[in-house]
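The values are calculated or read from the model by the stated rules, or taken from the named source; none is laboratory data. Not measured: the values here are computed from a predicted model. Here Cβ is always computed from backbone atoms with ideal geometry, including for glycine, and neighbour counts include all displayed protein chains.
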Amino acid sequence: MGFEKTERVIELNAQVEAFMQEHIYPREHDWEEFTLDPDNRWQVPGWFDELRAKAKAQGLWNLFLPDDYQPWSPGLNNVEIATIFETMSKVTWAQPVFNCNAPDRGNMEVLAKYGTAEQQEQWLMPLLAGEIRSAYAMTEPQVASSDATNMELEIVRDGDEYVLNGRKWWTTGAISPRCKVMLVMGKSNPENDRHHQHSTILVPRDTPGVKLVRELRVFDNLHSPGGEAELLFDNVRVPVSNMIKGEGCGFEIAQGRLGPGRFQYAMTFVGLAQRCLELMCQRAEERVAFGEKLSKKTSVQHEIARSRCEIEQCRLLTLQAADVMDKQGVKAAMPYISMVKIVGPTMCQNVADRAMQVFGGAGVCQDTLIPTVFTHARFCRIADGPDEVHMSQLGKLTIRDLVSAS
Ligand SMILES: Cc1cc2nc3c(=O)[nH]c(=O)nc-3n(C[C@H](O)[C@H](O)[C@H](O)COP(=O)(O)OP(=O)(O)OC[C@H]3O[C@@H](n4cnc5c(N)ncnc54)[C@H](O)[C@@H]3O)c2cc1C
């Protein structure tokens, strides 16, 4: 376990870093100003698409898709992807510039893995090209959605069509006018066993009967430009060819979608936390209180040291998850994937919290990314499955492994 970087990844990572320095960091305040302006709601600044075109032209595009997803993958393994993900995650809105953001990332993986040739042509190709955006609609307001088998939205076959009725919420990205398709999970086969009652089906965003009930706020913020939607599906009709993999495969798809992508998700937190640490150190060196720099104060030094330890622990754990996935496959990596989902957001939340304290008042306003990182890390302890669910899963896997080994 050395995680030595290959020449290819050293070079690619340097390119991503140079892109961040030249194009992303200098625009952080522009992004904040633009997206916080109510007149720009659900829009992106004009320069955003220019940056995407530049990243694409430089080959810094779709780097999230591992080598086994040929012909669409740029050919990196998971350890290589992890390194690049840390670099591109140091600014909260940078991943979409490289077409590597959630939920499109997971949706593209699903379509690449399970989609028919027709579905791939219609939806995967424009997603890979960055021409459209997508959403994943699983969570429902009326049921505990950390248990995917609870979903109630009805999917009923009627001739050559499926008819969808039900309600979804927290559908990330669905408010953006760029969102053209949703992967919707619902109950199609109530007669089957609990894990084969659900299906995932493609629903074009503009299908008649898909109604936006409201825009949800996250910590009092509307999360423009993507947004989180509450949606009503009122007799929504789609062709039977929109079914992904087959009736009853929804749970399997949900598990797969939330599985391997998780180490990329954890590396996002490593990148965000590392950026908070860098800012914290700079601030501590610049700011003087009671006759000395903040960096001279033992309590600040300890907070910096603690943050560095926690980031490095999470980084190594995430690389280990990626390495096991590369060498032994997803099944063997499952305990590590649970570990990084548990550790990543909490680590990042704690580091952002300390950075906020060191920055004082500046740490809670829009002048740095720290408050956004803090709230993002906090809600990610709920989104994609709450901490407790992953802890229970890891606990069960650990007992199984240790008892069967003894
Ligand atoms: C900002 C944001 C974006 C999101 N984006 C999406 C999206 O794009 N698509 C989508 O479908 N969903 C999305 N979600 C929804 C998210 O995945 C769900 O909120 C999450 O799965 C939890 O479901 P729930 O809210 O119904 O909580 P519940 O299932 O009601 O759980 C509530 C609490 O109960 C406790 N709990 C639950 N199970 C256990 C257990 N086994 N052991 C111990 N305690 C337990 C936990 O403390 C948990 O937080 C998003 C959520 C947020 C906040």
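Worth pointing out:
- Taken over the stretch 145-154, the criterion of being in a loop (DSSP other than H, G, I, E, B) and either in contact with a helix residue (DSSP H, G or I) (Cβ under 6 Å, 6 or more places away or on another chain) or not aliphatic (A, V, I, L, M) (or both) is satisfied by S145, S146, D147, E152.
- Any chance R381 is in contact with a helix residue (DSSP H, G or I) (Cβ under 9 Å, 6 or more places away or on another chain) and not in a helix (DSSP H, G or I): yes
- Residue check, N40 within 16 Å of G130 (Cβ to Cβ), touching a residue at least 12 places away in the same chain (Cβ under 8 Å) and touching a helix residue (DSSP H, G or I) at 6+ places or on another chain (Cβ under 7 Å): no
- Pairs, first in a loop (DSSP other than H, G, I, E, B) in the stretch 53-77, second surrounded by fewer than 16 Cβ atoms within 10 Å (Cβ to Cβ) and of a type in the set (S, T, Y), C-beta under 9 Å, six or more apart: N77/T6
- Within the stretch 121-131, the set of residues being assigned to a loop (DSSP other than H, G, I, E, B) and buried (at least 18 other Cβ atoms within 10 Å of the Cβ) comprises just one member, G130.
- Test: residue in the stretch 216-229 that is surrounded by 19 or more Cβ atoms within 10 Å (Cβ to Cβ), within 13 Å of the ligand (Cβ to nearest atom), on the phi > 0 side of the Ramachandran plot and aromatic (F, W, Y): no
- Any hit, the stretch 113-131, residues being at pLDDT 95 or above, closer than 30 Å to V9 by Cα and within 16 Å of the ligand (Cβ to nearest atom): yes
- Here Q142 meets the list (1) within 15 Å of the ligand (Cβ to nearest atom); (2) under 21 Å from the mean Cα position of the chain (by Cα); (3) surrounded by fewer than 19 Cβ atoms within 10 Å (Cβ to Cβ) almost entirely, failing just condition (2).
- Some residue of the stretch 388-403 being in contact with a Cys (Cβ under 9 Å, 6 or more places away or on another chain), farther than 28 Å from G2 by Cα and surrounded by fewer than 21 Cβ atoms within 10 Å (Cβ to Cβ): no
- Flag for P103 being surrounded by fewer than 19 Cβ atoms within 10 Å (Cβ to Cβ) and in contact with a strand residue (DSSP E or B) (Cβ under 6 Å, 6 or more places away or on another chain): no
- Being more than 10 Å from the ligand (Cβ to nearest atom), among the hydroxyl-bearing types (S, T, Y), within 30 Å of Q21 (Cα to Cα) and not assigned by TED's automatic domain parsing to the domain that holds N13 is a description that does not apply to S199.
- Within the stretch 67-106, tally of residues that are of a type in the set (D, E) and either within 16 Å of the ligand (Cβ to nearest atom) or within 12 Å of the chain's Cα centre (by Cα) (or both): 1
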